[in-house]
Amino acid sequence: MGTLQLEVVTPDRTVVSKVVEMAICPGVEGEFGVLPQHVSLLSALKVGGLRYRADGKDEYIFISGGFADVNNNVLTVLAESAELAANIDSARAQQAKERAERRIAEHKEGVDMLRAEAALQRAIMRLRLSQLR
Ligand code: ATP
């Protein structure tokens with residue numbers, strides 16, 4: 001059936017570069033799976049978990065949103081930030097969640113609500129994924 005190379009890249013570093021059996025990406029219009037021999041595809045991603053299977057084992061990666069490109073059996077994910085579930089600092093995510101909730105609740109002038117909502121979403125997703133490692 002062939003192989004699929006997964007590359008998850010942020011502006012700072014390569015988070016994952018490995019051969020996988022399949023991956024499921026958090027597309028803005030819903031999750032989509034990628035197997036070897038997938039047709040070429042470009043999709044925007046939302047904040048979510050990317051699941052992949054390698055050596056028969058499922059792994060999860062936090063993705064802050066970005067883009068997925070499938071071409072010639074390479075799935076490239078470009079994200080502003082991404083971490084393997086095992087590398088998520090759940091205490092930090094909990095603090096980020098509380099900070100965002102406080103900002104949203106106070107709703108002070110000058111608080112960028114969209115930014116606070118986005119930070120809250122990232123924190124909730126990180127906490128959820130940190131339990132799956
Ligand atoms: P925080 O307010 O805690 O910085 P954030 O959602 O604003 O959270 P990002 O802007 O998404 O953070 O990420 C900034 C950098 O910090 C990235 O390199 C990201 O991988 C890393 N990072 C953020 N939160 C965590 C976490 N809970 N565990 C591990 N790495 C994290």
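The values are calculated or read from the model by the stated rules, or taken from the named source; none is laboratory data. Quick caveat: nothing in here was measured; it's all calculated off a predicted structure. Glycine gets a Cβ as well: all are built from the backbone with ideal geometry, and neighbour counts include every protein chain shown. Each accessible area value is taken on the protein alone, full model and side chains, heavy atoms only, with ligands, DNA and RNA left out. Shrake-Rupley method; radii C 1.70, N 1.55, O 1.52, S 1.80 Å.
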(request) Would you work out what percent of the accessible area of the stretch 4-85, with all protein chains in place, is carbon or sulfur (probe 1.4 Å)? (result) 50 percent
(message) Just to verify a number: FRET efficiency for residue 78 and residue 104, C-beta to C-beta distance, R0 = 41 Å, to 0.05?
(response) 0.90
(request) Using just the helices of the chain, give the 222 nm mean residue ellipticity in deg cm²/dmol: DSSP H runs with n ≥ 4 each add -39,500 (n - 2.57), and the total is spread over all residues, rounded to 500. (result) -9000 deg cm²/dmol
(request) Could you work out, for the chain, what percent of all Cα-Cα pairs fall into each 5 Å distance bin, beginning at 0 Å and stopping at the bin that holds the largest distance? (result) 2, 11, 19, 22, 18, 12, 8, 5, 2, 1, 0, 0
(request) Could you please state how large a percent of the accessible area of the stretch 89-130 is carbon and sulfur, counting protein chains only and using a 1.4 Å probe? (result) 46 percent
(request) Could you grab the relative contact order for the stretch 4-85? Cα pairs under 8 Å, six or more apart, rounded to a whole percent. (result) 33 percent
(message) Among 96, 37, 20, whose Cα projects farthest towards the positive end of the dipole of the stretch 8-133, with charges put on the beta-carbon of Lys, Arg (+1) and Asp, Glu (-1)?
(response) 96
(message) Before I look further, what does the chain give for accessible area per residue, probe 1.4 Å, in whole square angstrom?
(response) 60 Å²
